[in-house]
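Encoded as C-alpha cells, the structure appears first; notes follow it.
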C-alpha cells in the first residue's frame, strides 16, 4: 500500500507537499493535513489518495470563488468563467458553485435585481441595455425579465432624464426637433425603446419657447450661411435650406432666415 515518506512545507503559508514512496504526489492545505491525519509513515489506499486530491481541488475552487465574490456580486457564469481561467477542473468548479448557491452567496435572481437597481441609481442603461449586459454575464432571459418586471416606470424615467439632462444646455443653440432627435437617439443607444424614450423626453420638458427657437435659428442659420459662402446665390440658399431642414427647422422658419428676417445676411458676409 502507498506510504507517505515525506511531508514538506511550501513557501505559501499553510500549504504542504506530500511525498508517497519517495516521490511527490500532491499538496494539501493545513486543514486537510490535520483532518486526514496525514503523517510520515501513514499508509494510503489509491481510493484515499483520489479522495484527498478531490477534496483539495474542491477546497481550492471554493476559496478562489469566495475571493472573487468578496469584491462584488457575481453571476454563476462569471464565477465559473473565473475558475476556468485559473485552470480549476469543471467538476471542482461546479461543486464550488453548488456549495455557494446553497449558502446563497451566488444567486442569479438576486444578482439581476441588484444589477438593475445599481444601474437605476448611477448607471445610464435602459431595459434593453441592461438585458444585453446581463445576458453577457450569463443570466437567463427569464430571470432578467422577471427582475425588470419589478421596476416601476417612474424609475426608468428618472434614469433616462439623468442620461439626457445635459441636452437642456442646447436650448437656444439647436431647434427643439433636433434636441428631441438627439435625446431620443441617445436614449435608444443606451437601451430605451422609442415609446419610453419619448415619455422621458416629455418629462424633461425641453420644448423651447419662441425666442429660444429664434435664437437657435439665428445661430444655425448663420453657421450654414458662412459655411456655404463660396457657392453662388441660388445654390447657397438651397444648401442652407437643406442644412436647416436637417437640423429640425420648419419651412416657414427657414424662409424667414433666407429672406433676411432673422438676421441681415449681407452683414454676415462682411465678417
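Some points to look at:
- Subset of the range 162-176 (residues that are surrounded by fewer than 17 Cβ atoms within 10 Å (Cβ to Cβ) and part of a helix (DSSP H, G or I)): 162, 165, 166, 168, 169
- Test for residue 114: is it assigned to a helix (DSSP H, G or I), in contact with a helix residue (DSSP H, G or I) (Cβ under 7 Å, 6 or more places away or on another chain) and either in contact (Cβ under 8 Å) with a residue 12 or more places away in the chain or buried (at least 18 other Cβ atoms within 10 Å of the Cβ) (or both): no
- Any hit, the range 53-66, residues being farther than 30 Å from residue 3 by Cα and in contact with a helix residue (DSSP H, G or I) (Cβ under 7 Å, 6 or more places away or on another chain): yes
- Selected residue (only one of 221, 191, 129, 123 is in contact (Cβ under 8 Å) with a residue 12 or more places away in the chain, over 16 Å from the mean Cα position of the chain (by Cα) and surrounded by 13 or more Cβ atoms within 10 Å (Cβ to Cβ)): 221
- Pairs with Cβ under 8 Å, 6+ apart, first in the range 251-268 and at negative phi, second part of a helix (DSSP H, G or I) and loosely packed, with under 13 Cβ neighbours inside 10 Å: 268/226
- Selection from the range 117-147 of residues that are under 19 Å from residue 189 (Cα atoms) and not in a helix (DSSP H, G or I): 123, 124, 125, 126
- Condition check for residue 80: modelled with pLDDT of 90 or more, outside the structural domain of residue 131 (by TED's automatic domain parsing) and assigned to a helix (DSSP H, G or I): yes
- Filter result for the condition that a residue is at pLDDT 95 or above, closer than 28 Å to residue 193 by Cα and over 14 Å from the mean Cα position of the chain (by Cα), over 141, 112: 141
The values are calculated or read from the model by the stated rules, or taken from the named source; none is laboratory data. Keep in mind the model is a prediction, meaning the values are calculated, not measured. For neighbour counting, all protein chains shown are included, and Cβ atoms are generated from backbone atoms with ideal geometry for every residue, glycine included.
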